[in-house]
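Working notes, beginning with the structure itself.
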Amino acid sequence: MSGWLAIAGLGPGAAHLITPEVTETLAQATDLIGYAPYVARVPAREGLIRHGSDNREEIDRASLALKLASEGKRVVVVSSGDPGVFAMAAAVFEAVESGDASWRNLDIRVLPGISAMFAAAARIGAPLGHDFCAINLSDNLKPWDLVERRLRLAAQADFVLALYNPLSSARPWQLGRALELLREELPETVPVIFASAVSDPREAIETVTLRDAVASRADMRTLVLIGSSRTRLIARASGHPFVYTPRSVGAKS
Ligand code: SAH
């Protein structure tokens, strides 16, 4: 029996946001690999071996997945959200490129998922309705200078920004510094959305202005959206406004 490897996105958290393609593939798997909290989101069943690991062991995890697939196993590597967005798919291809030559010819598939930025945006309206970019605030895999440069240039270009990995106990100051820098580049009235644990029972979403945005509002499961100068708020009686970014800017009439 020939093995295969699927790198699957589990979406933001809720079971109903996992795609049918991912569910069907998980049902055929012999081995499940990933960061332990994501592996825990997949129900246990007979015939499925679960390999949970620490968050930092991405290349080891990818190599194990490739090795098992080359031995004939049906392997699923799971990520939260979409596996191609700051997640395991790139780690697997990095291992393919530098690893055993035979791994290149394996049956490897990437199964998309709903990324945190799409789940968060859908909760409040359409903040990503015009051009936007996604930036990972973690400086584990890149220098902080580069993060600052990208934030500054993206703000100058008036993109809406989706900030992933805004802070953790090991990276307590990065989001505060990012907000300080963005206040130098953008009007202080642009909306900032703190979307935490989207689609989980603990979901909390708050919209403030850039002037009032405080980094301590975020944690490891928060996606921070920074509006562009054109992002609009529609006030509602509930106190939770709709937020959207018009599709056109200076368009031909
Ligand atoms: N591949 C994932 C991102 C992994 S990086 C995706 O496509 O969504 C981990 C970061 O994603 C977190 O620090 C947080 O910024 C964001 N994130 C993941 N799940 C989230 C959720 N349910 N609500 C808000 N942000 C989330």
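Among the candidates Phe118, Phe194, which residue alone is in contact with a helix residue (DSSP H, G or I) (Cβ under 9 Å, 6 or more places away or on another chain) and not polar (S, T, N, Q)? Let's see the steps before the verdict.
On the way: Phe118 fails: in contact with a helix residue (DSSP H, G or I) (Cβ under 9 Å, 6 or more places away or on another chain).
So the residue among Phe118, Phe194 that is in contact with a helix residue (DSSP H, G or I) (Cβ under 9 Å, 6 or more places away or on another chain) and not polar (S, T, N, Q) is Phe194.
Looking for something at pLDDT 95 or above and within 24 Å of Ser169 (Cβ to Cβ) - is there at least one such residue anywhere in segment 16-30? Talk me through it step by step, then tell me what you get.
The initial filter retains those residues of segment 16-30 that are at pLDDT 95 or above, namely 16-30.
Filter once more, so that each one left must be within 24 Å of Ser169 (Cβ to Cβ): none.
No, segment 16-30 contains no residue that is at pLDDT 95 or above and within 24 Å of Ser169 (Cβ to Cβ).
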If I filter segment 135-143 for residues that are within 18 Å of Ala213 (Cβ to Cβ) and either touching a Gly at 6+ places or on another chain (Cβ under 9 Å) or surrounded by fewer than 18 Cβ atoms within 10 Å (Cβ to Cβ) (or both), do I get at least one hit? no
Take Ser216 and decide whether it is within 23 Å of Arg123 (Cα to Cα) and in a helix (DSSP H, G or I). yes
Ala155 being buried (at least 20 other Cβ atoms within 10 Å of the Cβ) and away from the ligand (no atom under 15 Å from the Cβ): yes
Go through (1) closer than 11 Å to Ile226 by Cα; (2) within 16 Å of the ligand (Cβ to nearest atom); (3) in contact with a Lys or Arg (Cβ under 9 Å, 6 or more places away or on another chain) one by one and return the number of the condition Leu179 breaks. (3)
Could you please tell me which pairs satisfy a Cβ distance under 9 Å, a separation of 6+ or placement on different chains, a first residue in segment 13-25 that is on the phi > 0 side of the Ramachandran plot, and a second residue that is hydroxyl-bearing (Ser, Thr, Tyr)? Gly13/Ser80; Gly13/Ser199
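Picking from Met88, Met117, which residue would you name as being under 30 Å from Arg236 (Cα atoms), touching a residue at least 40 places away in the same chain (Cβ under 8 Å) and either surrounded by 21 or more Cβ atoms within 10 Å (Cβ to Cβ) or over 17 Å from the mean Cα position of the chain (by Cα) (or both)?
On the way: Met88 fails: under 30 Å from Arg236 (Cα atoms).
That would be Met117, the only listed residue that is under 30 Å from Arg236 (Cα atoms), touching a residue at least 40 places away in the same chain (Cβ under 8 Å) and either surrounded by 21 or more Cβ atoms within 10 Å (Cβ to Cβ) or over 17 Å from the mean Cα position of the chain (by Cα) (or both).
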Hits in segment 26-47 (condition: over 25 Å from Glu203 (Cβ atoms) and surrounded by fewer than 18 Cβ atoms within 10 Å (Cβ to Cβ)): Ala27, Gln28, Thr30, Ala44, Arg45, Glu46, Gly47
How about segment 94-114: which of its residues are of a type outside the set (Val, Ile, Thr), in contact with a strand residue (DSSP E or B) (Cβ under 8 Å, 6 or more places away or on another chain) and outside any strand (DSSP E or B)? Leu106, Asp107, Pro112, Gly113
Selection within segment 191-212 - under 15 Å from Ile124 (Cβ atoms) and not in a strand (DSSP E or B): Ala197, Val198, Ser199, Glu203
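Test Val78 against the criterion of being under 30 Å from Ser169 (Cβ atoms), modelled with pLDDT of 95 or more and not in a helix (DSSP H, G or I), and give yes or no. Explain how you work it out, then say what you get.
Working: under 30 Å from Ser169 (Cβ atoms): yes; modelled with pLDDT of 95 or more: yes; not in a helix (DSSP H, G or I): yes.
Yes; evaluated as a whole, the condition is true for this residue.
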Which of the residues belonging to segment 48-67 are of a type outside the set (Gly, Ala, Ser), out of contact with any Leu (no Cβ under 8 Å at 6 or more places or on another chain) and surrounded by 13 or more Cβ atoms within 10 Å (Cβ to Cβ)? Asn55, Glu57, Glu58, Ile59, Asp60, Arg61, Leu64, Lys67
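I need the full set of residues from segment 62-80 which are within 16 Å of the ligand (Cβ to nearest atom) and touching a Phe, Trp or Tyr at 6+ places or on another chain (Cβ under 8 Å), in order please. Step through it out loud before you land on a result.
First, the residues of segment 62-80 that are within 16 Å of the ligand (Cβ to nearest atom): 62, 76-80.
Answer for segment 62-80, where residues must be within 16 Å of the ligand (Cβ to nearest atom) and touching a Phe, Trp or Tyr at 6+ places or on another chain (Cβ under 8 Å): Val78, Ser79, Ser80.
The values are calculated or read from the model by the stated rules, or taken from the named source; none is laboratory data. Computed from a prediction, not measured in an experiment: that's the story for all the values here. For neighbour counting, all protein chains shown are included, and Cβ atoms are generated from backbone atoms with ideal geometry for every residue, glycine included.
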